[in-house]
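Comments concern the structure below.
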Amino acid sequence: MNLTVDIGNTRSKWALFDGDRLVEKGVGLPLPTADRTVYCATGAIDSGLRRAMGEEAVDFAALVREGCLPIRIDYATPQTLGPDRVAAACGAWKISGGKACVVIDAGTCITIDYLDASGTYHGGAILPGISMKFRALHTFTAKLPLLEMKSEEEEQEVSPTGRTTEESMRAGVMAATRFAIEGFVAHYRQQEPGVEVLVTGGDAGRIAVPGCRVVPDLVMVGMNGSLEN
């Protein structure tokens, strides 16, 4: 049994795999017992979580440095490349069955990455996430309020034309975010017809574009597959 732990900027998630089969998943402590544990950290690792993972836990970033991956990395500054981006690309490569992929991870930041049909990761783009955009509008202005996100269904229906200040802010965040993502996806679909688009992360349901696949546990699927590589 493999335990994968995805330590983000906002929360830590885990998934337990028996081979390729997802057995159980959860958030935070406690962690289930496993034969092997691998973790990917973009945020700080809490001391309690560190102890719970155990001394033998494998840092996914080390697998990236050692090249122990099912994909090849073609990135100018691999030492600065977030391991979560690589893990998501590994998961996309496995789930797509070896197709060219656009991988969108909508968390604190939104990352958009490209993996070609040879299994080569080329990098992509990093955008401010939805909550970050809302906080920025409030923090760096004198009068704009701090808005809370609505449900996925409500945010998907946000009009680009706001008729109140709040509606205008939501248009600026939600509609503009979707337009940006649709633009990136259109670019890659023109470059690579048939490219598969996979979306993951906590805000995946808010920014999913037509023709995409939402895969909530993509980073952990990638870590699990790399352990078996």
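Restricting attention to region 200-220, the residues that are of a type outside the set (Lys, Arg), surrounded by 17 or more Cβ atoms within 10 Å (Cβ to Cβ) and in a helix (DSSP H, G or I) add up to 5. With the structure loaded, tell me whether residue 130 is under 25 Å from residue 11 (Cβ atoms) and either touching an Asp or Glu at 6+ places or on another chain (Cβ under 6 Å) or surrounded by fewer than 16 Cβ atoms within 10 Å (Cβ to Cβ) (or both) or whether it fails that test. Against the criterion (under 25 Å from residue 11 (Cβ atoms) and either touching an Asp or Glu at 6+ places or on another chain (Cβ under 6 Å) or surrounded by fewer than 16 Cβ atoms within 10 Å (Cβ to Cβ) (or both)), residue 130 qualifies.
Picking from residues in region 149-166 that are charged (D, E, K, R), assigned to a helix (DSSP H, G or I) and at pLDDT below 95, the one that is surrounded by the fewest Cβ atoms within 10 Å (Cβ to Cβ) is 153.
Determine whether region 179-194 contains at least one residue that is surrounded by 20 or more Cβ atoms within 10 Å (Cβ to Cβ), in contact with a Lys or Arg (Cβ under 7 Å, 6 or more places away or on another chain), among the β-branched types (Val, Ile, Thr) and not in a strand (DSSP E or B). Within region 179-194, not a single residue is surrounded by 20 or more Cβ atoms within 10 Å (Cβ to Cβ), in contact with a Lys or Arg (Cβ under 7 Å, 6 or more places away or on another chain), among the β-branched types (Val, Ile, Thr) and not in a strand (DSSP E or B). Tell me whether region 108-115 contains one or more residues that are at pLDDT below 95, assigned to a helix (DSSP H, G or I) and buried (at least 17 other Cβ atoms within 10 Å of the Cβ). No, region 108-115 contains no residue that is at pLDDT below 95, assigned to a helix (DSSP H, G or I) and buried (at least 17 other Cβ atoms within 10 Å of the Cβ). Close contacts from region 203-223, counting a first residue that is free of Cβ contacts under 8 Å to residues at least 24 places away in the same chain and over 13 Å from residue 107 (Cβ atoms) and a second that is of a type outside the set (Asp, Glu) and assigned to a loop (DSSP other than H, G, I, E, B), with Cβ to Cβ under 9 Å and a gap of 6+ residues or different chains, come to 214/208. Which ones in region 74-96 are touching a Leu at 6+ places or on another chain (Cβ under 7 Å) and not in a helix (DSSP H, G or I)? The one that is touching a Leu at 6+ places or on another chain (Cβ under 7 Å) and not in a helix (DSSP H, G or I): 75.
The values are calculated or read from the model by the stated rules, or taken from the named source; none is laboratory data. Just so we're clear, the structure is a prediction, and the values are computed from it rather than from any experiment. Neighbour counts are summed over all protein chains in view; Cβ atoms, including those assigned to glycine, are modelled from backbone coordinates with ideal geometry.
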